[in-house]
Each structure stands twice: as C-alpha cells, then as structure tokens.
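Asker: There's a structure below that I have some questions on.
The values are calculated or read from the model by the stated rules, or taken from the named source; none is laboratory data. Predicted, not measured: the structure shown is a model, and the values here were computed from it. Cβ placement follows ideal geometry from the backbone for every residue including glycine, while neighbour counts extend to all protein chains displayed. These accessible areas exclude ligands, DNA and RNA; they are computed on the full protein's heavy atoms, side chains included. Shrake-Rupley method; radii C 1.70, N 1.55, O 1.52, S 1.80 Å.
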Amino acid sequence: MIFRGPFPDVAIPEIAITPFVFQNAKEHGDKPALIDGPTGRAITYSELADSIRRVAASLARRGFKKGEVFGILSPNVPEYAIIFHAVACLGGISSPVNPLYTEHEIAHQLKDAGARFLVTVPQCFKKAAGAAREANIEELFVFENAGTAVDGSDNVNSATPFASLLESDGDFPEVVINPREDLVALPYSSGTTGFPKGVMLTHHNLVANMCQMEGLQYFTENDTLICVLPLFHIYGLVVVLNMGLYQGATVVTVQRFELEPFLQTLQDYGVTLTHVVPPIVLALSKNPVIEKYNLSKLKTIFCGAAPLDEHLTRACMQRLDCDVRQGYGMTETSPVTHSSPADPAQVKFGSVGVPAPNTECKIVDLETGGSLGSNKEGEVCVRGPQIMKGYLNRPEATAATIDAENWLHTGDIGYADDDGHFYIVDRAKELIKYKGYQVPPAELEALLLTHPCVADAAVVPCPDDEAGEVPKAFVVLRGETGVPTRPARVGSQVTAAELMNFVAERVAPHKKIRLLEFIDKIPKSASGKILRRLLVQRERERKEEQNVS
C-alpha cells in the first residue's frame with residue numbers, strides 16, 4: 001500500500017538553487033534578510049544578493065570551478081548564506097562541517113569530500129588550520145565578524161580574511177548548471193549504518209524540497225525566524241535558512257543554544273516562528289525562567305530531528321500559547337518528507353504528520369520486505385524528488401539505502417493510521433539520536449577497541465529525558481594475558497570514567513559516551529555481528545523497572 005498526503009502536488013521548476021531562492025530579492029530590497037542575533041548586525045536582501053555576486057567573482061578569479069568542493073566550518077553567522085550561495089553560483093558544492101568536530105574529524109570529512117577551500121571562524125581557527133594542512137586545503141578563509149580566536153591558536157592573520165572576497169566588481173563567468181545532475185550540497189550523515197558519508201544533494205533536490213515545504217504552508221514573508229539549529233545540519237541549512245530567504249522572511253542567527261540568550265533573542269526580535277528539536281521543547285515546557293520573557297509574538301514552534309511525544313507537545317503549547325507542528329525527514333531527503341498539517345484542528349499529537357506534496361510513502365515488513373497497510377509497524381520508506389543522488393564514492397551504501405524502484409529505506413520503524421498520519425516508534429538502523437544529532441555506534445566501538453585495555457565493545461542508545469538518547473558502552477576488558485577477562489579480575493586496570501574520557505578526547509561533544517558498563521561478553525550472531533538490539537532491550541527493561549520502583 002502506498003500512502004500519499006492530502007496536499008496537491010506542486011510544480012518544481014528546473015532551476016538552480018540561488019536564482020530560485022533570490023527570485024524575489026529585489027522586491028524585498030532594504031528589508032533585513034539576515035540578522036546576527038548577538039550583535040544586531042543586519043544584512044538586507046539587496047546587500048545579500050550583492051555580496052553573493054562579489055564573493056562568487058573573487059572565487060572564480062582564484063580558479064574555483066564547477067564541481068569543486070568548498071568546506072564550511074562555522075557556527076551560525078550571516079556570512080554562511082553568502083559563501084553557500086557564492087559557491088552555488090559557480091556550480092560548486094558546499095560541504096558543511098560540524099564546528100564541534102575534532103581536528104581529525106574535520107580533516108577526514110575534508111579529505112573524503114575532496115575539498116579545495118575552507119572557511120572558518122576565529123574560535124575554530126586552530127583546529128581548522130591543522131585539518132586544512134592534513135587535507136591539503138589550498139586556501140583557508142576566516143569570517144572576521146564571528147568571534148575571537150581561541151587562546152593559543154595559530155595566528156588568524158595567516159589566513160585570508162573573508163571580507164577580502166567582497167572586494168570585487170561582482171562579475172563572474174556564467175556557469176551552466178543541470179539542476180537534476182549537478183550537486184550543490186555535500187553534508188555528511190551516518191545514514192542507516194556506519195561512519196559518516198557524503199550525502200550528494202543536487203540543486204533539484206533542494207529546490208524540490210522548498211517547493212514541497214511551500215505546499216505545506218510553513219511560513220510567509222511576514223515571519224521572523226530564529227536560526228538556532230546548526231547550519232551544518234540539513235534542517236538548519238534548508239528548512240530555516242534557505243526556505244526563510246526564499247519566502248522573504250527575516251532570519252535571525254544565533255551561534256549556539258543557551259536557554260536565556262535564546263529567549264532574549266525571541267523577545268528582542270519579535271520572533272514568530274522557531275525551528276527546534278525535542279530537548280529545546282522540553283526546556284521551553286518546564287524551565288521556570290520562561291516567565292521572565294515576553295514571547296507573545298511567537299506563534300509556531302516547528303519540531304523535527306527526533307520524535308516528540310503528545311504529553312510534551314501539549315505542555316509546550318499550553319505554556320507558550322502557541323502552535324506546535326512536527327515534521328520528519330533526514331539528510332538523505334533534503335530533508336522534509338512528512339509534516340503536521342498547517343490547520344491545528346487536523347494535527348494529531350505524537351504524529352510526525354502526513355507525507356509532503358510529491359512524496360510517496362510505504363511501510364514494509366522487516367522480514368519479508370512486503371508492503372503493509374494501515375496500523376501495521378514496519379520500516380518507513382519514501383520516494384520523491386527530494387531523495388538524494390546517493391552517497392559520495394559509496395555505491396554499495398547507496399544501493400543498500402535506495403532500492404531499484406527508488407524507494408529510500410529510512411531505517412526507522414513506524415506505522416500510518418487510518419487517516420494516513422505517520423508515527424515513528426523505533427529504529428531499525430542502529431544510529432543513536434543525541435539531542436537530534438546522529439551518533440554512529442560503530443565509530444565509537446572502533447575507537448574503544450584502540451584502547452589497550454579493551455578486548456571488545458558495543459555501544460547502544462540509552463533513553464534519556466533531556467537528550468532523548470545517550471550513547472552507552474558495554475565493554476569487555478582485556479586481562480593481563482591479553483585475553484578477555486571479568487572486570488572483577490582486572491580491578492583498577494582501567495575505570496569507566498577513564499574510558500569515557502579516552503573517547504571524549506577524540507570525538508565531537510555530541511558523540512561522547514555518557515554511560516559505560518563492564519560485561520563478560522558482547523552478544524553476537526553466528527556471523528560475528530553485534531546484537532545491539534539485545535542490549536537495547538535490556539536497557540529498556542531496566543528503565544521500566546526503575547520507573548515502576
């Protein structure tokens with residue numbers, strides 16, 4: 001059975017992303033397009049369009065060409081939009097990098113993507129410079145307005161100031177772009193399994209998803225949005241930044257989520273719509289500090305990246321007197337595939353909504369692969385123009401995710417009710433969702449196994465009220481003879497805290513192992529595959545017992 005939403009299909013133009021997003025920019029003229037929340041520094045639509053042209057011209061003169069990759073290692077700042085679209089104008093590809101990544105993680109992404117240039121901010125300069133050297137980056141740029149250098153960093157002046165790219169006449173050679181074939185974004189995602197992979201998104205993918213969102217009636221040019229979701233994540237990059245600019249709204253950027261500064265920004269700029277993840281909804285629902293701020297302009301909260309339950313949804317709506325809409329998607333789908341209806345009367349709490357326009361969905365049996373009907377749980381599969389081109393240089397991973405009929409297998413377990421509203425109940429894939437961020441357990445297991453005291457390891461999600469899930473490691477220690485042994489026999493050989501610190505020093509903060517337990521043996525199949533679901537089930541049973549007691 002194939003499910004479709006109640007929305008009519010929308011027309012999707014064959015156009016590159018930048019002319020699509022800025023087709024009405026002249027009409028908005030002096031209206032603020034982007035505001036840096038902490039400082040109030042604003043860029044109008046006219047200034048933004050002019051800056052994009054100038055930076056594109058400067059990059060062209062540096063020899064940047066169609067099909068080449070430009071890395072962006074930065075928190076949310078207005079210049080993010082400038083470099084993204086300047087690269088897009090030249091037929092280039094932006095690969096956004098998590099600014100919390102370690103130097104090694106940054107270098108790995110840049111090398112895998114084949115990036116030629118990199119832009120960063122002063123506070124990330126030290127690790128950016130190290131990663132740039134390792135990845136053979138030709139030139140490193142710095143957004144000067146985005147904070148100060150960290151103590152002990154290399155001399156930021158050794159990099160090229162981003163402002164120098166604005167010193168051009170704005171003339172650059174016209175590039176012929178095939179929207180359906182040419183890539184524009186290369187974010188990295190762990191997909192349904194394993195280590196992060198480059199997700200190849202075309203101009204058509206992103207334009208299509210914005211047209212689909214327009215059909216969902218997300219917001220209008222009269223809205224003021226806050227962009228607190230990171231722009232290295234597809235949710236922030238497409239749903240907030242680019243969709244906001246396409247609609248002619250004003251987008252207020254903030255570099256990180258801290259509750260009181262976030263609330264102050266909502267109040268100061270009269271924000272009408274905010275896109276968040278469930279942990280932020282939890283804070284908005286329960287923290288008493290909310291009462292200090294005037295949030296009367298806030299009309300809608302849109303929540304995605306992880307399921308939001310009915311109780312929390314109602315609590316937030318009552319506390320803030322606003323609507324809460326929920327959506328669903330993934331990096332590989334540009335990202336939106338489902339959304340709550342715009343009409344509050346049609347919203348079903350706890351549901352991620354109905355399929356977006358031009359999107360087909362089905363639920364398949366995990367064992368047989370057969371299509372299921374309403375109210376039966378299986379893997380959620382989606383098909384539509386927003387589906388990625390594939391994983392960069394990983395045809396096997398692409399084939400494992402997108403089948404021969406172009407159905408993308410999300411790895412999420414869910415069902416559709418009789419009205420076609422979808423509910424996500426579990427994950428078939430083994431990713432951990434920490435505050436909406438993907439954490440691949442295989443990466444953490446491989447890192448643990450490099451420790452001389454660890455004989456075997458498995459990492460699974462553990463339920464957490466604030467974060468949704470946290471990574472928990474199960475570790476088998478190595479005895480003095482080199483073979484696995486009971487924890488009791490090794491005593492003070494290594495502690496759980498030491499192993500967690502060992503991992504924390506080598507990964508981005510959201511990947512840290514938060515809990516660690518020593519066990520005798522990791523459960524595995526006959527073929528040697530870790531049976532994580534057995535460990536997950538054990539954790540759930542423990543949680544239920546604790547709740548009862």
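Asker: Which whole-Hz ³J(HN,Hα) couplings does region 43-53 yield from phi under the Karplus relation 6.51 cos²θ - 1.76 cosθ + 1.60, θ = phi - 60°, glycine and proline marked x?
Answerer: Residue by residue, region 43-53 yields 10, 6, 4, 5, 5, 5, 4, 5, 5, 4, 4 Hz.
Asker: Hey, another quick one. Just for region 341-478, what percent of DSSP beta bridges are antiparallel, to the closest 5?
Answerer: 100 percent
Asker: Can you tell me the accessible area per residue over the chain, all protein chains present, probe 1.4 angstrom, in square angstrom?
Answerer: Per-residue accessible area for the chain comes out at 41 Å².
Asker: Give the long-range amide H neighbours of Val184: residues separated by 5 or more places, or on another chain, with amide H under 5 Å away, using H modelled in the peptide plane at 1.01 Å from N.
Answerer: Leu201, Thr202, His203
Asker: Quick one: what are the phi-derived ³J(HN,Hα) couplings along region 507-517, Karplus 6.51/-1.76/1.60 with θ = phi - 60°, whole Hz, x for glycine and proline?
Answerer: Those phi angles translate into 9, 5, x, 6, 8, 4, 6, 9, 9, 8, 10 Hz.
Asker: Kindly write out, for region 79-95 in residue order, the coupling ³J(HN,Hα) from the Karplus curve 6.51 cos²θ - 1.76 cosθ + 1.60 (θ = phi - 60°), rounded to whole Hz, with x marking Gly and Pro.
Answerer: Here the 3J(HN,Hα) series is 5, 4, 5, 5, 5, 4, 7, 5, 5, 4, 4, 8, x, x, 10, 8, 10 Hz.
Asker: If you don't mind, another one. What is the antiparallel percent of DSSP beta bridges lying wholly in region 1-144, to the nearest 5?
Answerer: Within region 1-144, antiparallel bridges account for around 20 percent of the total.
Asker: Taking all protein chains in place and a 1.4 Å probe, what share, in percent, of the accessible surface of region 369-415 do carbon and sulfur account for?
Answerer: 48 percent
Asker: Taking a threshold of 22 Å on the Cα-Cα distance, which of the pairs Lys299/Lys348; Lys348/Lys376; Lys433/Lys543; Lys435/Lys512; Lys376/Lys433 fall above it?
Answerer: Result: Lys376/Lys433 exceed 22 Å.
Asker: Whose amide H sits under 5 Å from the amide H of Tyr434, counting only residues 5 or more places off or on another chain, with H placed in the peptide plane?
Answerer: Here Val439 satisfy the definition.
Asker: Separate question: Is the C-alpha gyration tensor of region 46-152 telling us rounded, prolate or oblate? Criteria: a/c under 1.5 is rounded; beyond that, a/b larger than b/c is prolate, otherwise oblate.
Answerer: Oblate, since a/c reaches 1.5 and b/c is not below a/b.
Asker: Round to a whole number: what % of the accessible area of region 1-143 belongs to carbon and sulfur, probe 1.4 Å?
Answerer: Answer for region 1-143: carbon and sulfur cover 53 percent of the accessible area.
Asker: What shape does region 367-407 have by the C-alpha gyration tensor, where a ≥ b ≥ c are the square roots of the eigenvalues, rounded means a/c under 1.5, and otherwise prolate means a/b greater than b/c and oblate the rest?
Answerer: prolate
Asker: Carbon and sulfur atoms: what percent of the 1.4 Å accessible area of region 172-247 do they account for?
Answerer: Of all accessible area on region 172-247, carbon and sulfur atoms account for 49 percent.
Asker: Can I ask one more? So what's Rg/Rh here for the chain, counting alpha carbon atoms and using the Kirkwood radius for Rh?
Answerer: Ratio of gyration radius to Kirkwood radius for the chain: 0.96.
Asker: Projected onto the charge dipole of the chain (+1 at Lys/Arg Cβ, -1 at Asp/Glu Cβ, origin at the Cα centre), which of Pro179, Ala135, Asn145 gives the Cα projection farthest towards the positive end?
Answerer: The Cα lying farthest towards the positive end belongs to Ala135.
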